[in-house]
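Take a look at the structure below.
The values are calculated or read from the model by the stated rules, or taken from the named source; none is laboratory data. Quantities reported herein were computed from a predicted structural model and do not represent experimental measurements. When we count neighbours, we look across all protein chains shown, and the Cβ atoms used for this are built from the backbone with ideal geometry, even at glycine. For accessibility, only protein heavy atoms count, side chains too; no ligands or nucleic acids. Shrake-Rupley method; radii C 1.70, N 1.55, O 1.52, S 1.80 Å.
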Amino acid sequence: MIVPFPEFTPDQHDIANGSQVISNVIPGETSYRPAHDISVVSSNAADARITGMIALDDQAGTNYIFAGNATKLYQLVSSTSALTDKSKVGGYSTATGERWTFTTFGSTILASNYSDVIQSWQIGTSTAWADLAGTPPQARSLATVRDFVVCGDIIESSTAYNNRVRWSAIGDETNWTIGTSTQSDYQDFFEGGSVQAVVGGEFGLVFLKRGIYRMDYVGAPLIFQVDQIASNKGLAARDAFVRVGNTTFFLDRDGFYSYDGRQITSIGFGKVDRYFWEDVDVTLLDRVTCASDPINQVVCWSYPSKDRSDQTSSDPNRVIVYNYRVGRWSRFDAAHQLIRPILTTDYTLEELDTISASLDAMTTSLDSHIYQGGELILAAATTDHKIGAFTGDTLAVTIDTPEAALADTRRSLIRGIRPIVDGGTLSVQIASRNRFNDAFEFGTASSQNTNGMCPLRAEGRYHRARLNIAAGGSWDHAVGLEYDFVPSGAR
């Protein structure tokens, strides 16, 4: 009898068809795939915590990766893998609690930390960041909506407008003169609190704390038609969203949602919403970040959990993962500062010396996506202020099966369990009971023998099993468990 591994549904009771314990894996279509530790990419560190990051490539295929902290903006230089200071003269004075946000506008990259003038980088010509020309506002959020740069939660003429979005002239990020000819203007929101984020694309989304609005370009004199699409939904943290194609995934105060341009859909109800809010340290919501991983077709939210081992650190230590193709969740643990996708660069064997002096000491396989140029991969700022990718050693895995009556509600004797996993060092534990109101406890782990079986003996009416996969092994798919059992008693 083969029992497939279930969905991760910690919000459900412990005798449901899902599982409350599935850790350090990525949900796939019919299996779980390994989650990996962080492998460092940059050869040196920034001089303080990284608070923002962007990766893009130009029309010639040249990759650009920038990261910012309180006083500097760095570029990850591909030829040396070095984080190189590219700040404007004098650097920056980012206020405590603020972070860098980025957007692209044609051949220009823009960066804002709310405390300083919006920064500009011209692809192909700039050698350092510079103040954006014109009279742009200071902004907590930046996005590109069609042919406009849109700022949210702004300071203009020394006055803060937390409930305002402000956009540039059409096709000109340096012109902020309001008027019909320029089509530059602003919109205030009088209900729902401050602007949390602006999401760009063919249409814009404005997230408030308690409201969501859609911006559709209609031309002068109105310029943008702004419609409320939700009054009871918002964004729980400024970086708790990501756009994948035309769908935006976001975290609200009551759970996880998606918006596909037509409707808002709950993706976490009855699965992980309650688990997340019981697990996250709500005093550190400003450390939540969100990113997509196109290789695995998942969206990830990174956050500091209440049970992190280092309670003196405010760095995130956990990532909750949603596969948007199959609607399944999982989670994995890794200490970091933020998550973002980055673009990989082609490496020669000589250039690999900038990452490790020894091929044997490298934590990432030479076959990995990380060494193939132009690939978007999930990356992170590490706790020691470097840039890394989730391509290191596989993490130690725990997966529990649902509780099952193997012999049609009769008691049964389990004699062994064979894991359906295509590699790794495996062991299995079993917990059995005769009544649902009896306590259950997992027994000693049994390692896999040469026949693929984990020998053990357990008798009861209901059984659940726990698969353990040791860290650092090589495997691709964990599918389920095959039980060797016989009926052992009456109903």
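Computed values, structure above
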{"quantity": "Charge dipole magnitude, Cβ of K and R +1, D and E -1 - the stretch 25-85, Cα centre, debye nearest 20", "calculated": "140"}
{"quantity": "Calculated FRET efficiency for the pair V486/T80, C-beta based, R₀ 51 Å, to 0.05", "calculated": "0.20"}
{"quantity": "Length-normalised contact order of the stretch 59-149 in % [C-alpha pairs under 8 Å, at least 6 apart]", "calculated": "21"}
{"quantity": "Contact order relative to length of the chain, as percent, for alpha carbon pairs under 8 angstrom and 6 or more apart", "calculated": "17"}
{"quantity": "Neighbourhood net charge (13 Å Cβ-Cβ; Lys/Arg +1, Asp/Glu -1) for I342", "calculated": "-1"}
{"quantity": "Set of aspartates and glutamates near K209 by C-alpha distance (under 15 Å), chain-local residues within fewer than 8 positions excluded", "calculated": "D153, D188, E191, D239, D252, D254, D286"}
{"quantity": "Mean Cβ neighbour count within 10 Å, used as a protection proxy, ranking 375-381, 329-335 highest first", "calculated": "375-381, 329-335"}
{"quantity": "About the Cα centre, charge dipole magnitude for the stretch 389-474 (Lys/Arg +1, Asp/Glu -1 at Cβ), debye", "calculated": "400"}
{"quantity": "Alpha-carbon centroids, the stretch 1-41 and the stretch 69-93: separation in whole Å", "calculated": "38"}
{"quantity": "Summed residue charge, Cβ within 14 Å of R140's Cβ, Lys/Arg positive, Asp/Glu negative", "calculated": "-1"}
{"quantity": "Vicinal HN-Hα couplings computed from phi for the stretch 153-168 (Karplus, 6.51 cos²θ - 1.76 cosθ + 1.60; Hz; Gly/Pro x)", "calculated": "6, 10, 10, 9, 6, 6, 10, 8, 10, 5, 9, 10, 10, 9, 10, 6"}
{"quantity": "Flagged links, alpha-carbon separation over 24 Å, of K72/K386; K233/K386; K233/K271; K271/K386; K86/K386", "calculated": "K233/K386; K271/K386"}
{"quantity": "About the Cα centre, charge dipole magnitude for the chain (Lys/Arg +1, Asp/Glu -1 at Cβ), debye", "calculated": "1460"}
{"quantity": "Contact order relative to length of the stretch 222-338, as percent, for alpha carbon pairs under 8 angstrom and 6 or more apart", "calculated": "17"}
{"quantity": "Dipole-positive endmost among I223, A445, T182 within the chain (Cβ charges, Cα centre)", "calculated": "A445"}
{"quantity": "Summed side-chain charge close to T444 - residues other than T444 whose Cβ falls under 14 Å, Lys, Arg +1, Asp, Glu -1", "calculated": "+1"}
{"quantity": "The chain - accessible surface per residue (Å², probe 1.4 Å)", "calculated": "41"}
{"quantity": "Sulfur and carbon atoms: percent of accessible area, the stretch 98-239 [1.4 Å]", "calculated": "44"}
{"quantity": "Top positive-direction residue, dipole computed over the chain with Cβ charges, set Q59, A405, L235", "calculated": "A405"}
{"quantity": "Computed [θ] at 222 nm, helices only, for the chain once each DSSP H run of length n ≥ 4 contributes -39500 (n - 2.57)", "calculated": "-500 deg cm²/dmol"}
{"quantity": "Rounded percent of accessible protein surface that carbon and sulfur make up, the stretch 405-456, 1.4 Å probe", "calculated": "44"}
{"quantity": "Segments 153-160, 20-27, 283-290 sorted - mean Cβ within 10 Å per residue, highest first", "calculated": "20-27, 283-290, 153-160"}
{"quantity": "Reported label for calculated percent of Cα pairs over 38 Å apart given (i) 26; (ii) 32; (iii) 22", "calculated": "(ii)"}
